[in-house]
1. Antiparallel DSSP bridges in segment 2-145: what percent, to the nearest 5?
2. I need the peptides 352-360, 49-57 ranked by packing, meaning the mean over residues of other C-beta atoms within 10 angstrom, with the highest value on top.
3. Can you tell me, using C-alpha contacts under 8 Å and at least 6 residues apart, the relative contact order of segment 2-145 as a whole percent?
4. Report relative contact order for segment 114-270 in percent, whole number only (criteria: Cα-Cα under 8 Å, sequence separation at least 6).
5. For n ≥ 4 DSSP H runs only, could you compute -39500 (n - 2.57) per run for the chain, divide by its residues and tell me the 222 nm figure to the nearest 500?
6. If we sort 320-328, 264-272 on the protection proxy, mean other Cβ atoms within 10 Å, highest first, what's the order?
7. What does a probe at residue 191 reach in segment 320-351, counting residues whose amide N is under 15 Å from the point 7 Å along Cα→Cβ?
8. Roughly what % antiparallel, to the nearest 5, for the DSSP beta bridges in the chain?
Ligand code: NDP
Ligand code: MG
């Protein structure tokens, strides 16, 4: 029986993971489920899957969780430390699907006990790729990508020699605003940004798709995860979201991963790896599909992509600063303190200010330094948002 923990069980990826596990429940023992504000869902799933422990990230929600689990024998816990403790409970496979840099410490904790980490939380690779890979090496743990593009690249690389890779192309749907005139983007609302043309995902990543910050994070994730140089990594807009990524080899061959936009493919691949088992995803009818189209991922329209290039060139803690500034700017957009186009302006300004302070970007990539850079970037972003409002 495979022992499973899901960090971020109440979210979109967490629920898709439980959907797969629920189809073959006898094959799995659920150790820990974690969530944030959605206590009803967390308690319901903990009871349904007979988890040992359920954890909410928010200490203020502990009484609710405790009450919801009363009499079930399932342990309740709360707070960031409890999340990392839950991730350290012996398990064979841990899904890292908390949103944001809050997923980093629990993910590291899961690696520390040698579990296979199915990584949806791209932020941990962006903030601390070398730390994640070193932790996996030190504890004999495996990290499997769950982000659809990175799962696609991983699958295209099976049996291949990384040194034969000439380029990696990840695709972007273009998000909610791909067909909007540039002039109208300034007035885009959070509600408009939170509707995705192809994928059904959490609110934050959906808005990040519209701003292309999701693809920016993924360019950095590709570099960190596969150890490729930035000049070998490209993004292309592919409105149908059927091809997730392509790997180009030095003989000119391009290996594409094609499938419907359903995260249960990438999750299921990581769940059963190295086996390939049947998954409940739609089988594509290519004739019905008719055509697949591609457009340039324009760095003028989407400055996030240009900033990602700068972050990859800078290295060090630039990824942590970039991600945290984006997280804070996104909060500002959601609160209507800044407009849609100002998300990228805030991030760029934070990168400029933090980079100007010696020792901030080139400090060693330790968990403490990453969390400090994350904090500093949020403080700077807050100041800039305040100025823009004022
Ligand atoms: P959701 O917003 O749907 O879910 C996020 C999860 O994290 C929820 O369980 C939420 O709890 C929990 N959470 C929120 N804040 C915190 C916090 N501060 N500390 C601990 N837990 C917290 O996100 P998604 O499932 O869409 O995305 C999860 C991760 O997977 C992200 O990193 C995203 O980029 C990545 N990803 C997602 C894809 C998708 O299809 N959704 C595709 C590829 C990657 P609660 O809801 O109970 O408050
Ligand atoms: Mg993705």
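1. About 0 percent, rounded to the nearest 5.
2. 49-57, 352-360
3. With pairs under 8 Å counted, the relative contact order is 22 percent.
4. The normalised contact order for segment 114-270 reaches 33 percent.
5. Values: 16 runs with 179 residues, N = 390.
Here the helix-only value at 222 nm equals -14000 deg cm²/dmol.
6. Packing order, densest peptide first, comes out as 320-328, 264-272.
7. Only 334-336 pass the distance filter.
8. Working: 12 of 41 bridges.
Close to 30 percent.
Here, each number is a calculation from the coordinates, and none is a lab measurement. Nothing here was measured: the structure is a model prediction, and the numbers come from that model. Cβ sites come from the backbone with ideal geometry, for glycine too, and all protein chains shown count toward neighbours.
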